[in-house]
Amino acid sequence: MSETRNRPPAPSIRAAELSDDAELARLDRETWSPLHSVTPLPEPPYEPYFDARHQPGDVLVAEDPDAAGRLLGYVRLVPPTPLACNAHVLQINGLAVAEEARGRGLGRALVRAAGEEARRRGARRLTLRVLSHNKPARTLYEAEGFVVEGVLPGEFHLHGEYVDDVLMGKPLTG
């Protein structure tokens, strides 16, 4: 059998719905890691995923093709500021892939979907922030055309170490 036949079907990527709240909260808790998070490990009672700052319209989700409603990943896309003069820019403000779905290109598919959605919304640039020690994410972003546009040295003190905040971006035009 070919390698392609042994691969599970690709998850479908769609816009999040309010009913995805519990699944997104679960995914957020399960994928929490000091490699990418600047917030403490989530502990009960757990907060809902959607709140005043995080709305369903900001999120694309990857749904498990074998289990409707089970989410394997998400990407959150938001304006970096509320300023009208900055409205041509959108920012990836969260990306998660479930452990069982890693290594299958889902992160890449979500980043590409975010770019397509940003273009659809009229954005000219897509930006993100990533911790300097998160080599897997940085490698993915660079492979998808993001370049380092700035570094905030020692921006975060995490687990006894100072970690740089790396600002990356890419144009969506041309």
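The values are calculated or read from the model by the stated rules, or taken from the named source; none is laboratory data. Here the structure is a predicted model, which means the values were calculated and not measured. Every residue, glycine among them, receives a Cβ derived from its backbone with ideal geometry; neighbour counts consider all protein chains shown. These area figures cover heavy atoms from the full protein model, side chains too; ligands, DNA and RNA do not enter into them. Shrake-Rupley method; radii C 1.70, N 1.55, O 1.52, S 1.80 Å.
One residue stands out among those in segment 135-152 that are outside any helix (DSSP H, G or I) and touching a Ser or Thr at 6+ places or on another chain (Cβ under 9 Å): the one that is farthest from Ile92 (Cα to Cα), which is Val151.
Yes/no matrix, rows are residues, columns are (1) within 20 Å of Trp32 (Cα to Cα); (2) open to solvent by less than 90 Å² (accessible area, probe 1.4 Å):
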| position | (1), (2) |
| --- | --- |
| Asp58 | yes, yes |
| Arg70 | yes, yes |
| Arg76 | yes, yes |
| Cys85 | no, no |
| Asn93 | yes, yes |
| Arg102 | yes, no |
| Glu117 | no, yes |
| Arg124 | no, no |
| Val163 | yes, yes |
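Step by step: first the residues of segment 151-173, then only those that are closer than 24 Å to Arg121 by Cβ and of a type outside the set (A, V, I, L, M, F, W, C), then the one that is farthest from the chain's Cα centre (by Cα). Which residue is that? Residue satisfying both the conditions and the ranking: Thr173.
Take the residues in segment 129-149 that are within 25 Å of Glu117 (Cα to Cα) and in contact with an Asp or Glu (Cβ under 9 Å, 6 or more places away or on another chain), then tell me which one is surrounded by the most Cβ atoms within 10 Å (Cβ to Cβ). Once the filter is applied, the top-ranked residue is Val130.
Residue-level analysis places Arg119 among those that are in a helix (DSSP H, G or I), over 20 Å from Ala22 (Cβ atoms) and not hydroxyl-bearing (Ser, Thr, Tyr). Only a single item in (1) on the phi > 0 side of the Ramachandran plot; (2) out of contact with any helix residue (DSSP H, G or I) (no Cβ under 7 Å at 6 or more places or on another chain) is not met by Gly69, and it is number (2).
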